[in-house]
Amino acid sequence: MFRDACRKARGFTRPIFSVWRYIDGRLAHSAASLVVVNADGWFVTAAHVFHPLTKAMADEAAIQEHARQKGEIEARPTLDGKHKRKLIAKLSFDKDWITAAQYFWMNGPIAPLAMKVLHASGPHDLAAGQIANFDPSSIPEYPVFRRSDDNVEPGASLCRMGFPFAKTDLTLDVDGSANFNVAEITYFPNEAMFTRHVGLDAADASGEPVPRFIETSTPGLRGQSGGPVFDQLGVVWGIQSHTNHVPLGFDPPDPNKPSQTIHQFLNVGNAVHPAIVRWLLTKHGVEFEST
């Protein structure tokens, strides 16, 4: 049913990887997806994919202030080493401060994701960026985004595409630099029946639209964030954002702990509404196709 549509989606869907370092030296990484929009190298993905980068930028001032205060204490000639260490330990410090973040993508071999520009809207969980040195011949066809909500009824069959089962490896060199490798990665589609719209088709006081999503009867998987949700023709209905947990309204007793109950909920998917995708791309003058 979705074989041809999946072929189309594979043409414009690519994996994106983030690698980041915490101030205490820990390293972390994650996999997600992006949709290449046009021959100029523009793409869309979920804004939360760039959370490590935006957090690193936000943490920079606090890190610099901590370093300044620490240096000031260490420079005091009247304090012994033990006293200095005590004062330094009392300084404001967060082990989850991020000092650096780097992004890679695969459009063939894995390579750093060099971007000319990036526009992210956190409330809408949507980001649009332009890839530097982009080769338009590497994308066989570009996506077409849904333009109208006419005749959209619950029960429409959709599909989701991304990279949830990527096998990656992150190691440290002797000098402390990171090596990021992808051992295995495959496209993975899963079914996503349209259930309802989430959010209002309105604008807030700033003139920007209120965050809006389409809900699907199944959740996305890790690695599918930022990937397309599309119909049988390959038309993109949304960009996968997050999983929502809908309470079912009953809590049966825990068979292993009779005095306790087990909260019951349904995991559903939320994808950024196509109207929001069109709004962000139009706002920044990005050309795209819609139908």
TODO: State log₁₀ I(q)/I(0) for segment 3-290 at q = 0.09, 0.11, 0.14 Å⁻¹ as given by the Debye formula over alpha-carbon point scatterers of equal weight, solvent excluded.
DONE: -0.54, -0.74, -1.03
- [ ] Can you grab the distance from the C-alpha centre of segment 200-238 to the C-alpha centre of segment 263-281, Å, no decimals?
- [x] 4 Å
- [ ] Pull out a ≥ b ≥ c, the square roots of the eigenvalues of the alpha-carbon gyration tensor of segment 54-178, then state rounded if a/c is under 1.5, prolate if not and a/b is larger than b/c, and oblate in the remaining case.
- [x] prolate
- [ ] Run the quick spin-label model on residue 222 and residue 39: label points 7 Å from Cα toward the beta carbon, then report their separation in nm to one decimal.
- [x] 4.0 nm
- [ ] Rounded to the nearest 10 degrees, what's the angle between the helix 3-12 long axis and the longest principal axis of the chain, both from Cα atoms, 0 to 90?
- [x] 40 degrees
Open item on the list: Please compute the modelled spin-label separation between residue 65 and residue 95, points set 7 Å along Cα→Cβ, answer in nm with one decimal.
Closed with: 2.2 nm
- [ ] Give the total of Lys-Lys pairs in the chain with Cα-Cα distances below 20 Å; include a pair only if its members are 8 or more places apart or on different chains.
- [x] 11
- [ ] For a label point 7 Å from the Cα of residue 114 along Cα→C-beta, name the residues of segment 135-149 whose backbone N is under 13 Å from it.
- [x] 135
Task: Computed helical MRE - 222 nm, the chain, DSSP H runs ≥ 4 contributing -39500 (n - 2.57), nearest 500 - done: -6000 deg cm²/dmol
Open item on the list: What does the extension gain come out to for residue 74 and residue 282, with contour length at 0.36 nm per residue minus their alpha carbon separation?
Closed with: 69.6 nm
Task: Charge dipole (segment 3-290, unit charges on Cβ, about Cα centre) - positive-most of 29, 206, 155 - done: 29
TODO: Multiply the residue separation of residue 244 and residue 132 by 0.36 nm, subtract the distance between their alpha-carbon atoms, and state the gained length in nm to one decimal.
DONE: 36.9 nm
Task: Pairwise label distance in nanometres, residue 1 with residue 87, each label 7 Å out on the Cα-Cβ vector - done: 7.0 nm
Open item on the list: Among 195, 78, 243, which one shows the highest mean-square fluctuation when the chain is modelled as a Gaussian network with alpha-carbon springs under 10 Å?
Closed with: 78
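Bear in mind that the values in this text are calculations on the coordinates, not laboratory data. If you're wondering where the values come from, they're calculated on a predicted model, not measured in any experiment. Using ideal geometry, Cβ is built from the backbone for each residue, glycine included, and neighbour counts are taken over all protein chains shown.
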